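First comes the structure, then the notes that go with it.
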Amino acid sequence: MPAAALTGPAGGACLRVGPGRWILACGPFRRAAAVAAGEVAFYRNDFALSSDEPWFIPAASWETTALPAVPVGDLAIAWEPLAREGFAGELEAVLAGLRDGRWRKAVLAVPEKGRLIAGDAATLALRALHHREASVCWPYVFRDSAGGGCAGMTPETLFTLHGRSLQTMALAGTARTAEQADFEHDAKQIREHEIVADALRTRLAAWGVVTSGRREVLNIGGLIHFITRFEVSLRAAADPHELVRALHPTPAMGILPRSEENLTALHAWRRQLGVPETFGAPLGVQWSGGVQMVVTIRGLWWQDDEAILPAGCGIVEGSELEREWRELGLKRRWVKQAFGLDA
């Protein structure tokens, strides 16, 4: 029966909530503005958090330690050529704002588009969930009943909530695993990460007592990132939706300073470059054990047989076109390889 969450016509969802533990759910889903504490419900919103009913209450759900097997068969996507002219123009606008002091950091994202020519959405979903780095990433799937959805394996959590204990992370800076020795001393990568970590630390302080770890390197198999982990002892019980509004977009996915004017600019760049509305947006699940909320990156989006692979990069002082374009390519290749697609 749990396989219906990933193959049934009414849609479904799945998210890892701990080591070897998953919440699976199948539709039809009932939309809601709020849910009772402990009730199983998935949270899905767009990047602008424009939905007034972000909770999806499933027809059935399961907490499981065993996932359905990946279907046997080919999976292939015919990708369209990707030009960088649009990205180059938006990058220059971001760099101009950095020089003028309008912002300290901003994220640009670029989508690669293609067509599914072998396999189906269920295969995409199950390949994401069975990814070899599932212990350090957070595989996720959300399928709607209209032939659309997304699946991926994100290294970034928005937050994990158990009672009044909240865990989150600053994740910024990217390189190939083979470049770790240079990466650990790269001034641009360190500066980008520390900007993100400092901004998140300040944001969390409004909610309770913050404890932060040291900057470390997270290896997700082929790619490495800087990561700083945070724990917060909340002053009071927190509504998950309010936490989402306070923490999204993360400094790693958004723009700093985080003002309405700057967020408007960020949303305009995303629209101009054709980024899916839910890329980098929060996706999560509430169940009896708490709330797990992730940032939907490192994945594929689809509508029927049309596929989109978005990737983003953080722009700070010292960013250069060639270097940022290379980082976008590294992330897209990692996703393709994770799905068993030709990179």
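The values are calculated or read from the model by the stated rules, or taken from the named source; none is laboratory data. Just so you know, these numbers come straight off a predicted model, no measurement behind them. Note that each Cβ is placed from the backbone with ideal geometry, even for glycine, and that neighbours are counted across all protein chains shown.
Okay, here's what the table says:
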item	result
Residue under evaluation Gln167, criteria (1) closer than 26 Å to Glu306 by Cα; (2) surrounded by fewer than 22 Cβ atoms within 10 Å (Cβ to Cβ); (3) not aliphatic (A, V, I, L, M), criterion not met	(1)
Count of the stretch 220-249 residues which are crowded, with 17+ Cβ neighbours inside 10 Å, assigned to a loop (DSSP other than H, G, I, E, B) and out of contact with any Asp or Glu (no Cβ under 8 Å at 6 or more places or on another chain)	3
Test: residue in the stretch 204-219 that is assigned to a loop (DSSP other than H, G, I, E, B), out of contact with any strand residue (DSSP E or B) (no Cβ under 8 Å at 6 or more places or on another chain), over 30 Å from Arg326 (Cα atoms) and not charged (D, E, K, R)	yes
Residue check for Ala172: hydrophobic (A, V, I, L, M, F, W, C), over 25 Å from Ile255 (Cβ atoms), modelled with pLDDT under 95 and surrounded by 16 or more Cβ atoms within 10 Å (Cβ to Cβ)	no
Number of positions in the stretch 107-142 that are of a type outside the set (Ser, Thr, Tyr), within 16 Å of the chain's Cα centre (by Cα) and buried (at least 17 other Cβ atoms within 10 Å of the Cβ)	16
Unique match (being farther than 30 Å from Ile315 by Cα and of a type in the set (Ser, Thr, Tyr)) among Thr168, Thr160, Thr64, Thr154	Thr64
Within the stretch 37-47, considering residues that are more than 14 Å from the chain's Cα centre (by Cα) and surrounded by 17 or more Cβ atoms within 10 Å (Cβ to Cβ), the one farthest from Gly284 (Cα to Cα)	Val40
Residue ID - farthest from Val244 (Cα to Cα), chosen from residues in the stretch 188-217 that are surrounded by 16 or more Cβ atoms within 10 Å (Cβ to Cβ) and polar (S, T, N, Q)	Gln189
Residue among Glu80, Glu85, Glu92 that alone is more than 21 Å from the chain's Cα centre (by Cα), acidic (Asp, Glu) and farther than 30 Å from Leu116 by Cα	Glu92
Set Gln303, Gln286: member being buried (at least 21 other Cβ atoms within 10 Å of the Cβ) and at pLDDT 95 or above	Gln286
